[in-house]
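Worksheet: one structure, shown below.
The values are calculated or read from the model by the stated rules, or taken from the named source; none is laboratory data. Everything quoted here is computed from the prediction, not taken from an experiment. Neighbour counts run over all protein chains shown; Cβ positions are idealised from the backbone, glycine included. Side chains included, ligands, DNA and RNA excluded: accessible areas come from the protein's heavy atoms. Shrake-Rupley method; radii C 1.70, N 1.55, O 1.52, S 1.80 Å.
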Amino acid sequence: EAATLVLPFRQAADFAAMCLTVSAVRAMGRPELRVAVRECGKRLRAGQALALLRLGISCVIPLDMADLGARRMLDHLKGTHFARACEPDLEQVLDETACALRGQADSAALFCEAVEGLLAAADGFDFETGLVRLTADRERTGALARACKAGRDLICVTKGEEAWLFLFGCPQNAVGALMQRLLGGNCNWSAEFRPERILNELEPLRGA
């Protein structure tokens, strides 16, 4: 009548089945059932974690947490009821979070739409976000676009020698190292981390 279901995340291919499982459990309407995801060998991408939280998991147990710590997290869930509002529409949740997994935006309008959508989808959850605006030569902005296509919770759009990069789930103190890794060398860039300021920063791109 009451239990905690632990779903192991070992590889990217596990994600689709995991979403179906969480959605099915929450459709039962039984808050005494808790669902946790344990990262095993691979980390969830921030977009994946957001989708699972919106569908109704109780927590994500990080990859770098020892088994003893993971057991303590699960022990804390015992006897609790899942009380957070969750999304019943699996397809809608995946549509609203998928833009974090695609990387390069095909146009400035789609980039703005993706950023606005992710900020709305993540509202109420503990996900750090940032918008980086940079100026670099076309070779570097092109390299950035290619990196984002194969990247991880990064969305970018380029316009000549300017580029806008949206970071989803990236800690603020890690942005400098990320930019160095993506572009190397000297590059003029600035970053904004507050959601309301991020939306204001998008103004030059709207209608572009």
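Give me the accessible area per residue for the range 27-101, probe 1.4 Å, as a whole number in Å². Kindly include the intermediate steps, with their values, before the conclusion.
On the way: 3840 Å² over 75 residues.
For the range 27-101, the per-residue accessible area is 51 Å².
Okay, which of the range 19-33 sit inside 16 Å, backbone N to the point 7 Å along the Cα-Cβ direction of LYS42?
19-20
Using Cα pairs under 8 angstrom and six or more residues apart, how large is the relative contact order of the range 105-177, in percent?
Details: 85 pairs, mean separation 27.8, N = 73.
After rounding, I find 38 percent.
Under a crude label model (7 Å from the Cα following the beta-carbon direction), how far is ALA120 from ASN200 in nanometres?
2.2 nm
If I model a spin label as a point 7 Å beyond the Cα along the Cα-Cβ vector, how far apart are those points for MET28 and GLN180 in nm?
So the label points at MET28 and GLN180 sit 4.9 nm apart.
How much accessible surface does MET65 have with a 1.4 Å probe, in Å² rounded to 10?
Here the accessible area works out near 60 Å².
Would you work out what percent of the accessible area of the chain, with all protein chains in place, is carbon or sulfur (probe 1.4 Å)?
50 percent
State to the nearest 20 debye the size of the charge dipole of the chain about its Cα centre, where the only charges are +1 on K and R beta carbons and -1 on D and E beta carbons.
Working: 25 positive and 27 negative charges, 131 e Å.
It works out to roughly 620 debye.
Starting from the alpha-carbon convex hull of the chain, give the projected area averaged over all orientations, in nm².
Mean orientational projected area (the chain, Cα hull): 12.2 nm².
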